[in-house]
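Quick notes on the structure that follows.
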Number of protein chains: 2
Amino acid sequence: MSLLQLSESTEMYLKAMVELGLSNVVSIGRLAERLNVTPVSANEMVRRLGDQGLLTHTPYKGVSLTDKGREAACDVVRRQRLWEVFLYEHLHIEWAKLYELACSLEHATAPEVTEALAAFLDDPKFCPRGNPIPAADGTFQPLDGHPLSTASVGETMEVLAINATTTDVLKYLQERGILPGQTIRVLEAAPLQGPLTLKVGEKEVALGLSLAEFVIVKTE
Amino acid sequence: MSLLQLSESTEMYLKAMVELGLSNVVSIGRLAERLNVTPVSANEMVRRLGDQGLLTHTPYKGVSLTDKGREAACDVVRRQRLWEVFLYEHLHIEWAKLYELACSLEHATAPEVTEALAAFLDDPKFCPRGNPIPAADGTFQPLDGHPLSTASVGETMEVLAINATTTDVLKYLQERGILPGQTIRVLEAAPLQGPLTLKVGEKEVALGLSLAEFVIVKTE
DNA sequence: TGGAATAATAAGGTCAGCCATAACATTTTG
DNA sequence: CAAAATGTTATGGCTGACCTTATTATTCCA
């Protein structure tokens, strides 16, 4: 079990690493973008986290989690997603706000509260955005899916999860019916990184590629 | 409704002001002691909070909340105590740890979560330590009681609330059966600020005066 | 292969909320 | 009423996590 005292900022970096792909090498730029800091700041912070043994940074290549970092990160993500479940299922908080509200709570949650919460919620396996919840022992089964942005025209898919975090993006997707469980089909992909045209339920929806990255789908 | 963004530290100062007596003039020293900072730091911070219009400081006399400060403080205390109820009633967290664990959560709680939580808990009026929970509209009915430290020999009283916050103090009192609802009698008060000897249930308990300050009682 | 994009590094700045030390003011108390 | 306790103010310092600006290094791609 992890015994480290992670700062709030550290937790955000770790969480971002998981959200950008648990085992991926992530560029400083992408990390900075996700965390809304400048690349220079991300670089500094990555050095600090490297010093703490949480991740490794290969200059000009990118960043990846160490085993220690992965463990800590899973713990953080577990807390985050458990709170999402609680806020949604029991407090009936608006779907699009779950991430942001759960995020603040996550940073403030002691291990015993995490586990008591998990028990209270009956050990849920997925958060309301469709993402898997790491287990108490640190095991974590990433989704068997891929971003909608990599889908090809004609494909019919099921939305597994929404990987976005900001309320506005979540609201945007929700308003268009792009939610976990939904079936969608790619009707058209505009050239030059243009938007996708999707069939979502009965409706046709245009979706920019960068938004499509947040939508994790599984081809049926 | 309060619209200010209060820092965590600010919230702790406001909370301490309520806990030391909503309408009392509190000395910098007492505040510093409760918050575990040096008097110099408390002084600085009090100046900052004064600048924000949350409290007034009369040099050499003490500090008291302004109306604005009282409103903000009640809000903070409401969140704190609602979380205590949740942690106790639903997550079955150890009584003595409630304050500390709820404290972290409190700082991370958005207004909509507070109100959804209150509804979920069915608008409780008291926290597990016996303290009243301020209402959503800011009204707050302090307890009609006084600290055990001011009781006189022979008095029989009911414990209304425990005003302590640290886990060790709460645990100490719990171990001696000094809990809300309990009836106690002062058998003896040692001179020179010495300890009280109490009858708690069947047992005799010695309790230092400074601990007795945390025990709010009502003479029967 | 050379220019664009991306990344790294350096230097210096900000801000909140603490700390210590020290000098000085006021209040309480014995 | 004097000494002790308490409170105030000033100065300077620290830390974490950001920021900007500027220079330099590397990688990617056309």
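The values are calculated or read from the model by the stated rules, or taken from the named source; none is laboratory data. Note that the structure is predicted; figures quoted are calculated from it, not measured. Cβ atoms come from the backbone with ideal geometry, glycine included; neighbour counts cover every protein chain shown. Heads up: the accessible areas ignore ligands, DNA and RNA and are worked out on the full protein's heavy atoms, side chains in. Shrake-Rupley method; radii C 1.70, N 1.55, O 1.52, S 1.80 Å.
Rounding to the nearest 10 and keeping the result within 0 to 90°, find how far the Cα-based axis of helix A:39-51 lies from the longest principal axis of chain A. The helix A:39-51 is inclined about 50 degrees to chain A.
Our helix-only sum for chain A, with -39,500 (n - 2.57) per DSSP H run of n ≥ 4 divided by its residues, gives a mean residue ellipticity at 222 nm of -12500 deg cm²/dmol.
Each of A:Leu143 and B:Glu202 was given a label point 7 Å from its Cα along the Cα-to-Cβ line. The distance between the two points is 6.0 nm.
Percent of accessible area on region B:146-219 owned by carbon and sulfur, 1.4 Å probe? Ligands and nucleic acids excluded, carbon and sulfur reach 53 percent.
Each listed q (0.12, 0.21, 0.22, 0.23 Å⁻¹) maps to a log10 I(q)/I(0) for region A:53-184, found by the Debye formula over equal Cα scatterers with no solvent: -0.54, -1.28, -1.33, -1.38. Ordered by 1.4 Å accessible area with all protein chains kept, A:Asp75, B:Asp67 run largest first as B:Asp67, A:Asp75. Between copies, the label points at A:Gln193 (set 7 angstrom from Cα along Cα-to-Cβ) are spaced 7.0 nm, reported in nanometres from shortest to longest. Fully extending the segment from B:Arg48 to B:Lys218, taken as 0.36 nm per residue of separation minus the present Cα-Cα distance, adds 57.5 nm. Take each residue of peptide A:90-97, count the partner chain Cβ atoms within 10 Å of its Cβ, and average: the result is 3.
Helix B:98-107 and the longest principal axis of the C-alpha atoms of chain B enclose an angle of approximately 10°. When the Cα positions of A:Leu31, A:Leu14, A:Pro124 are compared along the charge dipole of chain A, A:Leu31 comes out farthest toward the positive end, with charges on each C-beta of Lys, Arg, Asp and Glu. The charge dipole of region A:146-219, taken about the Cα centre with unit charges on the Cβ atoms of Lys, Arg (+1) and Asp, Glu (-1), comes to about 80 debye, rounded to the nearest 20. Axis-proximal residue of chain B for the rotation onto chain A, reported as residue and distance in whole Å: B:Ala108, 2, based on Cβ position. Normalising by residue count, region B:146-219 has a Cα convex hull of 71 Å³ per residue.
Plainly put, the tip 7 Å out from Cα toward Cβ on A:Ala119 is 2.9 nm from that tip on each other copy, the closest given first. Our Cα-only numbers for region B:94-153 put the radius of gyration and Dmax at 14.3, 48 Å.
For region A:46-134, the set of chymotrypsin sites (Phe, Trp or Tyr not before Pro) satisfying both a DSSP loop assignment and a count of at most 11 other C-beta atoms within 10 Å is given as A:Tyr60. Taken about its Cα centre, the protein assembly as shown carries a charge dipole of about 760 debye when Lys and Arg each add +1 at the Cβ and Asp and Glu each add -1 at the Cβ.
Would you please classify the overall shape of region A:8-69 from the alpha carbon gyration tensor, given that a ≥ b ≥ c denote the square roots of the eigenvalues, rounded means a/c under 1.5, and beyond that prolate means a/b larger than b/c while oblate covers the rest? Taking the square roots of the gyration eigenvalues as a ≥ b ≥ c, region A:8-69 is rounded.
Legend: translational diffusion of the protein assembly as shown by Stokes-Einstein, Rh = Kirkwood radius over C-alpha pairs, 4 °C, 1.567 mPa s; D = 53 µm²/s.
Given R₀ = 60 Å, what would the calculated FRET efficiency be for A:Thr166 paired with B:Thr183, taking r from the Cβ atoms and rounding to 0.05?
After rounding, the FRET efficiency stands at 0.65.
Each of A:Lys61 and B:Asp123 was given a label point 7 Å from its Cα along the Cα-to-Cβ line. The distance between the two points is 6.1 nm. Remark: chain B carries a charge dipole of roughly 500 debye about the Cα centre, counting +1 on each Lys and Arg Cβ and -1 on each Asp and Glu Cβ. Distances between placed amide hydrogens fall under 5 Å for A:Ile133 paired with A:Phe126, A:Cys127, all partners being 5 or more residues away or on another chain.
Need one word for chain B: rounded, prolate or oblate. Basis is the Cα gyration tensor (sqrt eigenvalues a ≥ b ≥ c); a/c below 1.5 gives rounded, then a/b vs b/c decides.
Oblate shape, in that a/c is at least 1.5 and b/c is the bigger or equal ratio.
In chain A, the longest principal axis of the Cα atoms and the axis of helix A:67-89 are about 60 degrees apart. Checked against a 20 Å cut-off, the cross-linked pairs A:Lys125/A:Lys218; A:Lys125/A:Lys199; B:Lys15/B:Lys68; A:Lys15/A:Lys97 give Cα-Cα distances beyond that limit for A:Lys125/A:Lys199.
For A:Gln5 and A:Ala135, a Förster radius of 22 Å and the Cβ-Cβ distance give a FRET efficiency of 0.45, rounded to the nearest 0.05. Element breakdown for region B:8-69 at a 1.4 angstrom probe: carbon and sulfur atoms account for 50% of the accessible area.
Among residues other than A:Lys97 with Cβ under 9 Å from its Cβ, the summed charge is -2 (Lys and Arg +1, Asp and Glu -1).
Distance between the C-alpha centres of region A:160-208 and region B:63-109: 40 Å, rounded to the whole angstrom. A label point on A:Thr219, set 7 Å along the Cα-to-Cβ line, lies at 8.3 nm from each of its counterparts in the other copies, closest listed first. Accessible surface computed residue by residue for the protein assembly as shown, with neighbouring protein chains in place and a 1.4 Å probe, gives 48 Å² per residue. Here the relative contact order of chain A, from alpha carbon pairs under 8 Å that lie six or more residues apart, stands at 16 percent.
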